[in-house]
Every structure is written in structure tokens, then in C-alpha cells.
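Only one structure is covered here, and it is reproduced in the block below.
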Amino acid sequence: MNRPILVTGGTGTLGRAVVARLLADDVAVRVMSRRPRRADDDRPCEWAVCDLADGSGLDAALTDVRTVVHCATNARNDVATTRRLTEAARRSGGPHLLYISIVGIDEVPLPYYRSKLEAERIVRESGLPWTVLRTTQFHDLVATLTTVQRRLPVVLTPSGVRFQPVEVTEVADRMAELAQGAPAGRVPDMAGPEVRDARDLANATLRAAGLRRRLVPVRLPGRLGRSLRAGANLAPDRAVGTGTFEEYLAARARAGRRL
Ligand SMILES: NC(=O)c1ccc[n+]([C@@H]2O[C@H](COP(=O)([O-])OP(=O)(O)OC[C@H]3O[C@@H](n4cnc5c(N)ncnc54)[C@H](OP(=O)(O)O)[C@@H]3O)[C@@H](O)[C@H]2O)c1
């Protein structure tokens, strides 16, 4: 029997791409979302309405699944939601749990990163068979760091900070591969092909968005600034992604998607 793979956050940036990849592999998929399925969504997958914040719909979402790909995230409560998910998964028969995490979370002191680190620990100690993949930032997040400032007269960029953005569909390919394989624990990190200065990426984004703004460098203070300037968010020895930032920007433009 083809038991489904449950994708939490299956409507999000990564989750959507994971669902597409699994469906292309002819795998049975169940998407978890807080919202009902859209009437025009005719993809051949199941749908589970569930809110991880209060657990409503969670037991039904987990019924008979063989693997859970945990892509749901919400900056305010990822620790509680991940704990709730693992407890319910244990009750449901103990599926393989695959969690997506971020390169450098143990060194970069951002509150969101602290919650990812704690969520990783919960996954590791859950008693479930588990896999964790850490990646660098997706291209669209790095572009958003600039476009979110479009209403300002200048664009602030963190001085001395570099990013190594990765193409989300390549992360989804890797997640789909891991989801269909045996539990593997912490697997090697995945990063994009190029380490680039934040300034350089901001300029590329502005050009692609047709915006003209002056860049203003901002020196991030304290341990946060030091860790980022030291490259704790990078994995140059794991530059396994191939899609570049410029290719991402060009693909968006071709698809008519505004930045
Ligand atoms: N973005 C990056 O650059 C990056 C890099 C490395 C790792 N990651 C990790 O990848 C994961 C996915 O990131 P993303 O950028 O794809 O996120 P995203 O686009 O913001 O999507 C978040 C998803 O979480 C779901 N969600 C939020 N709260 C929920 C709740 N209470 N119950 C159930 N579902 C809930 C949302 O579904 P509904 O709204 O449909 O309910 C949505 O599909 C995160 O764990 C993130 O830390 C991201």
C-alpha cells in the first residue's frame, strides 16, 4: 500500500516545492495547512486542515502516514508546534520525521535560530526515526531583505556580511530524496553555489526590480554582527546547489512575478 507522506507547511515556499517534487515522483502526498484546500487546486494529493498551534486536526493529519516532512514554521511558536507534532507522531505509530533547519543556528544568536536549535533537539530526542537537513537561505528570502525596504529612500545592508543563497527547488529535490530514504540523522549541510556580499545581492535585486536606491551599510552590533561577519551563516565546503541568484531573478522575471 502506498501510505502518504505528510508535508507540514505544504503551502509555504519550501513545502510547495517539496509537494511538487514528491508528486512528480508519483508518491502519495498529504498537505497540511491551517486553511481548507482552494477550489481550483486539482493536484493529486490529500489535504489535512490542521493548526499546529493548538493541535486541532493533528491526529487525523497523521493517520497512516509513513513519513512527515516538517516544513511548517511560524517565528512565534516553532518549539511548541514541533513538540506537539512529535508527540502526536509517536502516538500515531512513529513515522520517519524529516526536519528542515538552517546553517549556523548554533552560532548566530537570532531568536528564530535559537528556536530552530531547540526544535532540532526535540526532533533528535523524540524517539521517532529522524533526519535533519540544514541549508543556507533560499534566494527569495535574500531578495526580500532588499524588496521589503522598497518604500524607504535608501536600502540598508549589513556591512561585511555575506550570504550563500540556495535555490529552493534544489532543496526540495534533496528533501524529497531524504523523505523517501531511510532515517539518516543529521545529514550534510546544503548551500548555494556562490558566497556573495550582501551589498552585491542587494544591488542585483534592485536592478531586477527596476528600483534605484542608494545602499547604506549598517554595522550589526555584538555577537550577532561578529558571527555573521565571520561567516557562521555560510557553508562554502557544502556549495552543492547549482542555481545562482541571478538565475533565480531571471526566472522570476520570465514568469512575470514581480519582486
Ligand atoms: N526561507 C529560507 O531561506 C529558509 C532557509 C533554510 C531553512 N528554512 C526553513 O524551511 C522551513 C520552511 O520555510 P519557508 O520559507 O518555506 O516558510 P513559509 O513560506 O513561511 O511557510 C510556512 C508554512 O508554515 C505553515 N504554518 C505556519 N503556522 C502553522 C501552524 N500553526 N500550523 C500548521 N501550519 C502552519 C503555513 O501554512 P498555512 O499558512 O497554509 O497554514 C506555511 O505553509 C522553515 O522551517 C524554515 O526555518 C528556510
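The values are calculated or read from the model by the stated rules, or taken from the named source; none is laboratory data. Please read these numbers as outputs of a predicted model, since none were measured by experiment. Positions of Cβ are generated from backbone atoms using ideal geometry, with glycine treated the same way; all protein chains shown enter the neighbour counts. Please note that ligands, DNA and RNA were not included when accessible areas were found on the heavy atoms of the full protein model with its side chains. Shrake-Rupley method; radii C 1.70, N 1.55, O 1.52, S 1.80 Å.
Restricting to the stretch 39-68, what's the tally of residues that are within 10 Å of the ligand (Cβ to nearest atom), β-branched (Val, Ile, Thr) and out of contact with any Pro (no Cβ under 7 Å at 6 or more places or on another chain)?
Residues meeting the conditions: 0.
Is the stretch 13-20 home to any residue that is of a type in the set (S, T, N, Q), on the phi < 0 side of the Ramachandran plot, assigned to a strand (DSSP E or B) and within 15 Å of the ligand (Cβ to nearest atom)? Let's see the steps before the verdict.
Pass one, the stretch 13-20, residues of a type in the set (S, T, N, Q): 13.
Now drop any that are not on the phi < 0 side of the Ramachandran plot, which leaves 13.
Filter once more, keeping what is assigned to a strand (DSSP E or B): none.
No - not one qualifying residue is present in the stretch 13-20.
Going by what's in this entry, would Ile105 be described as within 11 Å of the ligand (Cβ to nearest atom) and in contact with a Cys (Cβ under 9 Å, 6 or more places away or on another chain)? Don't jump to the end; show me each part of the working.
Working: within 11 Å of the ligand (Cβ to nearest atom): yes; in contact with a Cys (Cβ under 9 Å, 6 or more places away or on another chain): no.
In short, no.
Considering only residues that are in contact with a helix residue (DSSP H, G or I) (Cβ under 8 Å, 6 or more places away or on another chain) and assigned to a helix (DSSP H, G or I), look in the stretch 185-206 and name the one that is surrounded by the fewest Cβ atoms within 10 Å (Cβ to Cβ).
Ala204
Kindly provide the set of residues from the stretch 133-165 that are within 13 Å of the ligand (Cβ to nearest atom) and either of a type in the set (Gly, Ala, Ser) or in contact with a Pro (Cβ under 8 Å, 6 or more places away or on another chain) (or both), ordered by number. Talk me through it step by step, then tell me what you get.
Going through the stretch 133-165, the residues within 13 Å of the ligand (Cβ to nearest atom) turn out to be 133-145, 163-165.
Scanning the stretch 133-165 gives Thr136, Gln137, Phe138, His139, Leu141, Val142, Ala143, Gln164.
Answer with yes or no whether Ala235 is touching a Lys or Arg at 6+ places or on another chain (Cβ under 6 Å) and within 15 Å of the ligand (Cβ to nearest atom).
Taking the combined requirement at face value, the residue does not satisfy it.
Assuming Arg34 fulfils every condition listed in (1) within 10 Å of the ligand (Cβ to nearest atom); (2) on the phi > 0 side of the Ramachandran plot; (3) over 16 Å from the mean Cα position of the chain (by Cα) apart from one, which condition is it?
Result: Arg34 passes all but (2).
Output yes when any residue across the stretch 214-225 is of a type outside the set (D, E, K, R), open to solvent by 80 Å² or more (accessible area, probe 1.4 Å) and assigned to a loop (DSSP other than H, G, I, E, B), and no when none is.
Checking the stretch 214-225: at least one residue is of a type outside the set (D, E, K, R), open to solvent by 80 Å² or more (accessible area, probe 1.4 Å) and assigned to a loop (DSSP other than H, G, I, E, B).
State all residues of the stretch 35-56 that are within 18 Å of Thr86 (Cα to Cα) and assigned to a loop (DSSP other than H, G, I, E, B); if no residue qualifies, say none. Spell out the reasoning first.
Restricting attention to the stretch 35-56, the residues satisfying the condition of being within 18 Å of Thr86 (Cα to Cα) are 48-56.
Result: Cys50, Leu52, Ala53, Asp54, Gly55.
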